[in-house]
Amino acid sequence: MQDLIPYREQFLDRLLVQDLQGGIAVIDAAIQAGFPPKTILLKVVSPAMDHIGTMQANREITLSEVFVVARISDAAIDRLVRVLDSRSGQTLEDATAQAVIVGSAEGDYHSLGRKIVCSFLRMGRFRVIDLGASVSAQRFVDATMAEQAPVICVSALLLHTAERVKEIRALLHERSLEDQIKLVVGGAVFNIDRELYRLVGADATAVNAPGAVTVVRSLIRGGS
Ligand code: B12
């Protein structure tokens, strides 16, 4: 099988000229070449967005350009997730599967990483309830109780939204749910400071979507 690097370069190139159709065509070409969709997510889309993040930090790209770039990546992720779901036959939810609640921290509207995490958890045979962006502590905990989910996964890319995880921990404590429900966090801000997860009261973190599946599995099996 060929190398994915040319696809990553072509995808980034299409992002930089804000070419939605061209970006999707590169993803389709990678699928046609036989690369697994989950590898394309991790080796083409994610690194291209990391590169965009570096450009943003260096002020080589404006926020409005990042916004358009994210729309293109979002469409690419949707495409890949659809292919994944159709191949693994998981469009029909398995009611007996263990439920996992996922959402972005309150005030956080970054969604791409959360969508990838949801897709990997589904591939890992979890029943994923994605609450979407900017989810309050109350909604996280209420959904967890309603779905009898043993794990809450929170995505946060900003320092101040990572801090909102403390509210979820406080609510779990207040409702005496800490023994039953585990709290997993992730996102760029937790990857930069590897101890931040403890400071906000989470039980665990992981740097990427495959890691999220491993951590959730181990917590459900009783690890910490
Ligand atoms: C795209 C983007 C946007 C888009 C988001 C569009 C969308 N629909 O998602 C837009 C333009 C809207 C945006 C807005 C803002 N952004 Co922005 N954004 C980014 C950018 C460039 C890429 C993020 C991304 O999608 N990455 C790709 C995905 C796949 O990676 P990921 O999210 O990290 O997810 C992976 C892992 O982290 C992990 N993971 C993710 N979630 C979880 C959850 C769990 C439980 C686990 C275990 C793992 C896990 O798995 C994922 C897949 O493997 C980052 C730069 C960066 N390096 O992160 C800045 C960045 C995050 N943004 C930043 C900022 C400051 C903002 C704004 C405040 C505006 C501004 N002044 O720039 C607003 C805030 C909006 C808000 N309130 O949410 C800063 C944050 C700095 C900080 N640490 O506080 C960054 C780092 C840019 C920078 N270098 O300054 N942004």
Legend entry - Lone qualifier among Ala97, Ala75 - being surrounded by fewer than 18 Cβ atoms within 10 Å (Cβ to Cβ), touching a Gly at 6+ places or on another chain (Cβ under 8 Å), farther than 21 Å from Arg198 by Cα and of a type outside the set (Ser, Thr, Tyr): Ala75
Inset, instruction - Could you tell me whether the stretch 192-208 includes any residue that is more than 20 Å from Arg164 (Cβ to Cβ), within 9 Å of the ligand (Cβ to nearest atom) and surrounded by 16 or more Cβ atoms within 10 Å (Cβ to Cβ)? - result: yes
Inset, instruction - Evaluate the following for Leu42: is it outside the structural domain of Arg122 (by TED's automatic domain parsing), at pLDDT below 95, closer than 30 Å to Arg87 by Cα and within 16 Å of the ligand (Cβ to nearest atom)? - result: yes
Inset, instruction - Give the residues of the stretch 182-191 that are surrounded by fewer than 22 Cβ atoms within 10 Å (Cβ to Cβ) and either closer than 21 Å to Ala149 by Cα or among the polar types (S, T, N, Q) (or both), sorted by residue number. - result: Asn191
Inset, instruction - Please find, within the stretch 174-191, the residue that is farthest from the chain's Cα centre (by Cα) out of those that are more than 6 Å from the ligand (Cβ to nearest atom) and among the polar types (S, T, N, Q). - result: Ser176
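Restricting attention to the stretch 55-62, does a residue exist that is part of a helix (DSSP H, G or I), open to solvent by 40 Å² or more (accessible area, probe 1.4 Å), within 27 Å of Leu159 (Cα to Cα) and not assigned by TED's automatic domain parsing to the domain that holds Val207?
Yes; the residues of the stretch 55-62 include at least one that is part of a helix (DSSP H, G or I), open to solvent by 40 Å² or more (accessible area, probe 1.4 Å), within 27 Å of Leu159 (Cα to Cα) and not assigned by TED's automatic domain parsing to the domain that holds Val207.
The values are calculated or read from the model by the stated rules, or taken from the named source; none is laboratory data. Nothing here was measured: the structure is a model prediction, and the numbers come from that model. Don't worry about glycine lacking a Cβ; one is built from the backbone with ideal geometry, like all the others, and counts go over all protein chains shown. These area figures cover heavy atoms from the full protein model, side chains too; ligands, DNA and RNA do not enter into them. Shrake-Rupley method; radii C 1.70, N 1.55, O 1.52, S 1.80 Å.
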